[in-house]
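The values are calculated or read from the model by the stated rules, or taken from the named source; none is laboratory data. Here the structure is a predicted model, which means the values were calculated and not measured. Neighbour counts run over all protein chains shown; Cβ positions are idealised from the backbone, glycine included.
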Amino acid sequence: MPFFFSDPALEPIAEKVLAGERLSREDGLALYASRDLLGIGQLADTVRRRINGDTVHFMVNRHINPTNICLNRCKFCAFSRNKDQDGAYEMTLEEIVRTAEEAVPDGAHEIHIVGGLHPDWPFEFYVEMVRRLREALPPHVIIQAFTAVEIEHYAKISGLSTLEVLRTLRDAGLQALPGGGAEIFSERARRLAWDKKTSADDWLRIHGEAHSLGIKTNCTMLYGHIETLEERVDHLVRLREQQDASGGFLAFIPLAFHPLNTELSDLPPTTGYDDLKTLAISRLMLDNVPHIKAFWIMLGLKVAQLSVAFGVDDLDGTVVQERITHMAGAATPEALSKDELLALIRETGHTPVERDTLYNVVRVYEEA
Ligand code: V47
Ligand code: SF4
């Protein structure tokens, strides 16, 4: 066997990995039970090389969070506010479009929009947002906007079905959905910490509907809070089943919980060990999702850089102005330049590939 393991429990899993066989829920649990991080990393790297070679993707993008006013008030969220609370903000359509336009000279290929569930904004506001952005931006800049949670909210306020909401937004220019709002697919955890939010069944159904309309999406898992390891593995298995059924997930992004300023602030932050292990296990379990993304904003630059040896093939992008994690205590910068991202990737010996949201290649960066 071409691996060095300190934990023999990894050997039967390695046989499956080498044979290209799907790992079971029990394999996922065995991986979490193992302390052989380097062994798990070797396995994840094998799968990652099979799917993505030595490429590490990144992009030039801009995040915009139009409002932090939100009806849901999830306990893990430091970003949201009630309408009249200090620190509540809302952007006008003009401000949103201007912010997106400012990203074009920087070479952006994606505008990523996620926000709170505003109690007064009608569905037409969001349709108009997408329409005006599409008019203002060059065609190579892709609009990736609104989590399944926001799509469900628009269905409630418009009286349309989620499928009709998605179709209307797609016709206005929406090209992809981000992967947020999935949290952990556990009713137990949902009832305790995000009881108003989209259930697992609805989150998965909405992504399936998006895929049926040709809208590609990402998927996420918020980990390191009140969930169990079994619930993490079950979450991965459910995403894998959905991908088998509808096939439109491009990337999986494990999101490391940041406790500061949240109602769960007594919990410790995640460790680098858990972050790398979770990324590697995600690569191994999600054999049908092409890309595993390390969101450096949440992981920190050092863990994100190491993660490319643990199954990760994507470091997201320049981001610019991230608010959700920074309100919860992230110590990372709010933006990285393209040169900084390139240097991080090159140091690891991988080939940096600039991409757009849909993983169309913008440029391959051969040796400097
Ligand atoms: O849905 C909220 C999470 C998500 C906290 O699709 C928190 O490419 C950590 O989904 N600590 C929004 N996480 C961000 C998101 C995302 C990010 C980057 C790329 C993509 C993509 C999607 O952030 C929320 C929630 O799961 N979140 N609060 C917190 N305190
Ligand atoms: Fe609202 Fe999203 Fe924060 Fe939950 S995580 S309170 S839905 S902004």
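At-a-glance table
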| quantity | calculated |
| --- | --- |
| Criterion (within 16 Å of ligand 1 (Cβ to nearest atom), modelled with pLDDT of 95 or more, out of contact with any Ser or Thr (no Cβ under 9 Å at 6 or more places or on another chain) and among the charged types (D, E, K, R)) met by exactly one of 128, 95, 150, 135 | 150 |
| In the range 268-321, the residues that are crowded, with 21+ Cβ neighbours inside 10 Å, of a type outside the set (A, V, I, L, M, F, W, C) and within 11 Å of ligand 1 (Cβ to nearest atom) | 270, 291, 293, 314, 316, 317 |
| Residues satisfying the stated conditions in the range 330-349, i.e. assigned to a loop (DSSP other than H, G, I, E, B), at pLDDT 85 or above and crowded, with 21+ Cβ neighbours inside 10 Å | none |
| Answer from 207, 140 - the residue that is touching a helix residue (DSSP H, G or I) at 6+ places or on another chain (Cβ under 7 Å) and either surrounded by 17 or more Cβ atoms within 10 Å (Cβ to Cβ) or in a loop (DSSP other than H, G, I, E, B) (or both) | 207 |
| From the options 256, 251, 294, residue that is closer than 20 Å to residue 315 by Cα and out of contact with any helix residue (DSSP H, G or I) (no Cβ under 9 Å at 6 or more places or on another chain) | 251 |
| Residue check, residue 156 within 16 Å of ligand 2 (Cβ to nearest atom), free of Cβ contacts under 8 Å to residues at least 24 places away in the same chain and surrounded by fewer than 16 Cβ atoms within 10 Å (Cβ to Cβ) | yes |
| Residue within the range 249-263 that is surrounded by fewer than 16 Cβ atoms within 10 Å (Cβ to Cβ), within 16 Å of ligand 2 (Cβ to nearest atom), of a type outside the set (Phe, Trp, Tyr) and at negative phi present | yes |
| Criterion: of a type in the set (D, E, K, R) and touching a residue at least 40 places away in the same chain (Cβ under 8 Å) - qualifying residue of 339, 356 | 356 |
